[in-house]
Amino acid sequence: MTLPTLHDLHRPLGSTGLSISPLGLGTVKLGRDQGVKYPNGFTIPDDHVVRLLLGQARDLGINLLDTAPAYGTSEERLGPLLRGQRHDWVIVSKVGEEFEQGLSSHDFSAAHTRMSVERSLKRLETDFLDLVLVHSDGNDLAILNDSDVYPTLAALKAEGKIRGFGFSGKTVEGGLLALRDGDCAMVTYNLNEQAEKPVLDYAGEHNKGILIKKALASGHICLTPGVDPVEASFTLLFQHPGVAGAIVGTINPLHLAHNAAVAAAVIRRQA
């Protein structure tokens, strides 16, 4: 039996012009094993394992990769591993958060934003990033209203170094403001947390992009016996017309295959 894939289910990310798979591969586990909120520990995989995982993702119809400077060595590893494949992938990175020696720090200044994007371009061995999101520290409105991060990203977009920009925030107010002035918001939305649904509603009404983070509650979803938490989660996510894609950060090939097959089945059932 051939499992369904996501190849024919790519969809637009708002009005960015980007076409993405409904599932994206999160890559924090490729470069960082400190300060991450997963129920089980894990070992950062070696290059051979990551190359196989990326190949599997591509075979499953996944073209969306989510990385960040705060994900340890994720960007630096992806650059060489994706050589010759740049146009097969929609690459999302971030600005604003650094993670060094086990600690996070944040900088939303114009100078740091530009430096961060230039560094990501170099690490990822590309001359453009498809999407750059602001990695919020939780002070969403202050970042958007009082820093130069959004104007700087708009300038980088005008220069062709990024194709779209947006915000990975933690509040409804931040998400709404981020979408008003940007292209995309990354929002927490899952079976446990649905407070940011108004951001999804706004996106659906205004043709803005939405990516879901913590789609499976970082592995913490627990349901009654016999209910597949992945199927229940994706049924919730993809029935909302504002949702373009969900990021799932797995390094387990079986989990990746299951996630893709379930997402494909759910989306086809809802069509």
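At-a-glance table
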| read-out | value |
| --- | --- |
| Evaluation of residue 104 against (1) touching a residue at least 40 places away in the same chain (Cβ under 8 Å); (2) under 21 Å from residue 168 (Cβ atoms); (3) in a loop (DSSP other than H, G, I, E, B); (4) not aliphatic (A, V, I, L, M) (one fails), failing number | (3) |
| Criterion: hydrophobic (A, V, I, L, M, F, W, C), touching a residue at least 40 places away in the same chain (Cβ under 8 Å), outside any strand (DSSP E or B) and over 25 Å from residue 238 (Cα atoms) - qualifying residue of 111, 70 | 70 |
| Within segment 1-23, considering residues that are in a loop (DSSP other than H, G, I, E, B) and of a type in the set (Val, Ile, Thr), the one modelled with the lowest pLDDT | 2 |
| Residue 204 within 18 Å of residue 20 (Cβ to Cβ) and touching an Asp or Glu at 6+ places or on another chain (Cβ under 7 Å) | no |
| Restricting segment 122-135 to residues that are surrounded by 19 or more Cβ atoms within 10 Å (Cβ to Cβ) and out of contact with any Lys or Arg (no Cβ under 6 Å at 6 or more places or on another chain), the residue that is farthest from residue 63 (Cα to Cα) | 134 |
| The lone exception for residue 87 - which of (1) free of Cβ contacts under 8 Å to residues at least 12 places away in the same chain; (2) touching a strand residue (DSSP E or B) at 6+ places or on another chain (Cβ under 8 Å) it fails | (2) |
| Total residues in segment 24-61, condition of a type in the set (S, T, N, Q) and not in a loop (DSSP other than H, G, I, E, B) | 1 |
| Only listed residue being touching a residue at least 60 places away in the same chain (Cβ under 8 Å), out of contact with any Ser or Thr (no Cβ under 9 Å at 6 or more places or on another chain), under 30 Å from residue 112 (Cα atoms) and not basic (Lys, Arg), chosen from 203, 155 | 203 |
| Selection from segment 246-265 of residues that are in contact with a strand residue (DSSP E or B) (Cβ under 8 Å, 6 or more places away or on another chain), of a type in the set (A, V, I, L, M) and not in a helix (DSSP H, G or I) | 246, 247, 248 |
| Residue in segment 253-271 that is charged (D, E, K, R) and buried (at least 17 other Cβ atoms within 10 Å of the Cβ) present | no |
| Residue pairs meeting the criteria (Cβ under 8 Å; at least 6 apart or on separate chains; first under 21 Å from residue 85 (Cβ atoms) and at pLDDT below 95, in segment 117-138; second surrounded by fewer than 16 Cβ atoms within 10 Å (Cβ to Cβ) and of a type in the set (D, E, K, R)) | none |
| Residues (in contact with a strand residue (DSSP E or B) (Cβ under 7 Å, 6 or more places away or on another chain), under 25 Å from residue 147 (Cα atoms), among the aliphatic types (A, V, I, L, M) and outside any strand (DSSP E or B)) located in segment 157-216 | 178, 179, 199, 200, 203 |
| Only one of 18, 54 that is in contact with an Asp or Glu (Cβ under 6 Å, 6 or more places away or on another chain), surrounded by 16 or more Cβ atoms within 10 Å (Cβ to Cβ) and either more than 25 Å from residue 243 (Cα to Cα) or of a type in the set (A, V, I, L, M, F, W, C) (or both) | 18 |
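The values are calculated or read from the model by the stated rules, or taken from the named source; none is laboratory data. As the structure is a computational prediction, the values presented were derived from the model and not from experiment. Glycine gets a Cβ as well: all are built from the backbone with ideal geometry, and neighbour counts include every protein chain shown.
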